[in-house]
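The values are calculated or read from the model by the stated rules, or taken from the named source; none is laboratory data. As the structure is a computational prediction, the values presented were derived from the model and not from experiment. For neighbour counting, all protein chains shown are included, and Cβ atoms are generated from backbone atoms with ideal geometry for every residue, glycine included.
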Amino acid sequence: MLVSAKEMLNKARDGKYAVGQFNINNLEWTKAILLTAQENNSPVILGVSEGAGKYMCGYRTVVGMVNGMLEELKITVPVALHLDHGTYEGALKAIEAGFSSVMFDGSHYPIDENIEKTKEIIRIAGEKGVSVEAEVGSIGGEEDGVMGAGEIADPNECKLIADLGVTMLAAGIGNIHGKYPANWKGLDFDALAKIKAATGNVPLVLHGGTGIPADMIQKAISLGVAKINVNTECQLAFAEATRKYIEAGKDLQGKGFDPRKLLAPGFEAIKAVVKEKMELFGSINKA
Ligand code: 13P
């Protein structure tokens, strides 16, 4: 059964480790992440962006697939199904469809509007026991070829949003989605410490987990980060393993073209990335 992210993140915050959010794109992704979590006795959060939700034929399809897998694969570790960077309408739809956690990303609104909309999502989600992630200070990254710098969140604004009763808070600290540019300055730990001091007990979320060096991840966890999002790294690993399979001509040998064989190396590559991240985040055996 899907669970909200609340309990697993509060435990992670208290135990000084982080739970990974791994974004899913299809059946192989979902199965790879769930099996790896179970094998390592780790809690896990499956992230679904609005785009990935559409790709997988809507939130109801995703909920059906994930619930089916939890049962058929006998998954007993805590699993949250979480909408990643949801719009206001998207968050409502995901809650309605059976997601156990949603992010409402109001970071691009003026702070007053972000507060009003976040408050409303918390009220509606609360009725169903669904956890809510909010965001302050937009997270940069490449969009249509334009590289946006990660914005640093204002600690006072973080406090205003945290005080609404969000389950977890994403705050920009120079992190960006996708690969980091060669001249990236690294995470802003002064900003993180100030945000932590201002927000008290709310578990903090670090987006853009791909490519952040291990020492920075560990320092971020020590300063209050309890959830780390990883997406691009699984995509890169999947693509590389699939490319190698085809470049080696394996799809032309025997029944190597069978999708169950063709997608197997990519599936194993995702499992390896997820396991490595769970080790780094410290969530192994914390189910
Ligand atoms: P990456 O794609 O950089 O790992 O970021 C994932 C993320 O933050 C999803 O919200």
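How about the stretch 218-240: which of its residues are in a helix (DSSP H, G or I) and either of a type in the set (Asp, Glu) or within 12 Å of the ligand (Cβ to nearest atom) (or both)? Walk me through it before giving the result.
Just the residues of the stretch 218-240 that are in a helix (DSSP H, G or I), to begin with: 218-222, 232-240.
Scanning the stretch 218-240 gives Thr232, Glu233, Cys234, Gln235, Leu236, Ala237, Glu240.
From the list Val44, Val19, exactly one residue is modelled with pLDDT of 95 or more, under 21 Å from Lys128 (Cα atoms), of a type in the set (Val, Ile, Thr) and crowded, with 18+ Cβ neighbours inside 10 Å. Which is it?
Exactly one residue qualifies, and that residue is Val44.
Can you name every residue in the stretch 260-287 that is in contact with a helix residue (DSSP H, G or I) (Cβ under 6 Å, 6 or more places away or on another chain) and outside any helix (DSSP H, G or I)?
Leu263, Ile284
If we keep just the residues of the stretch 15-50 that are in a loop (DSSP other than H, G, I, E, B) and among the hydrophobic types (A, V, I, L, M, F, W, C), which is nearest to the ligand (Cβ to nearest atom)?
Ile24
Quick check on my filter: what residues within the stretch 156-190 are closer than 15 Å to Ile217 by Cα, away from the ligand (no atom under 16 Å from the Cβ) and touching a residue at least 24 places away in the same chain (Cβ under 8 Å)?
Asp188, Phe189
Among Ala153, Ala214, which is in contact with a Gly (Cβ under 6 Å, 6 or more places away or on another chain), away from the ligand (no atom under 13 Å from the Cβ) and hydrophobic (A, V, I, L, M, F, W, C)?
Only one candidate qualifies: Ala153.
Please find, within the stretch 149-181, the residue that is nearest to Ala12 (Cα to Cα) out of those that are in a strand (DSSP E or B) and aliphatic (A, V, I, L, M).
Just the residues of the stretch 149-181 that are in a strand (DSSP E or B), to begin with: 152, 168-171, 173, 176-177.
Still in the list and also aliphatic (A, V, I, L, M): 152, 168-171, 173, 176.
Working: Ile152: 24, Met168: 12, Leu169: 14, Ala170: 15, Ala171: 18, Ile173: 20, Ile176: 23 Å.
Per the criteria, the residue is Met168.
Name the residues in the stretch 200-211 that are within 13 Å of the ligand (Cβ to nearest atom), buried (at least 19 other Cβ atoms within 10 Å of the Cβ) and either over 17 Å from the mean Cα position of the chain (by Cα) or not hydrophobic (A, V, I, L, M, F, W, C) (or both), would you?
Result: His207, Gly208, Gly209, Thr210.
Could you grab the pairs with beta carbons closer than 7 Å, sequence gap of 6+ or different chains, first residue in the stretch 63-75 and in contact (Cβ under 8 Å) with a residue 12 or more places away in the chain and under 17 Å from Ser42 (Cβ atoms), second one among the hydroxyl-bearing types (Ser, Thr, Tyr) and in a helix (DSSP H, G or I)?
Qualifying pairs under 7 Å: Val66/Thr30; Met69/Thr30.
For the condition of a type in the set (Gly, Ala, Ser), closer than 26 Å to Gly137 by Cα and surrounded by 22 or more Cβ atoms within 10 Å (Cβ to Cβ), what is the one hit in Ala197, Ala214, Ala226, Ala191?
Going through Ala197, Ala214, Ala226, Ala191 in turn, just one is of a type in the set (Gly, Ala, Ser), closer than 26 Å to Gly137 by Cα and surrounded by 22 or more Cβ atoms within 10 Å (Cβ to Cβ): Ala226.
Please state which one of Gly47, Gly53, Gly20 is closer than 19 Å to Thr118 by Cβ and either touching a strand residue (DSSP E or B) at 6+ places or on another chain (Cβ under 9 Å) or of a type in the set (Asp, Glu) (or both).
Just a single option satisfies the conditions, and that option is Gly47.
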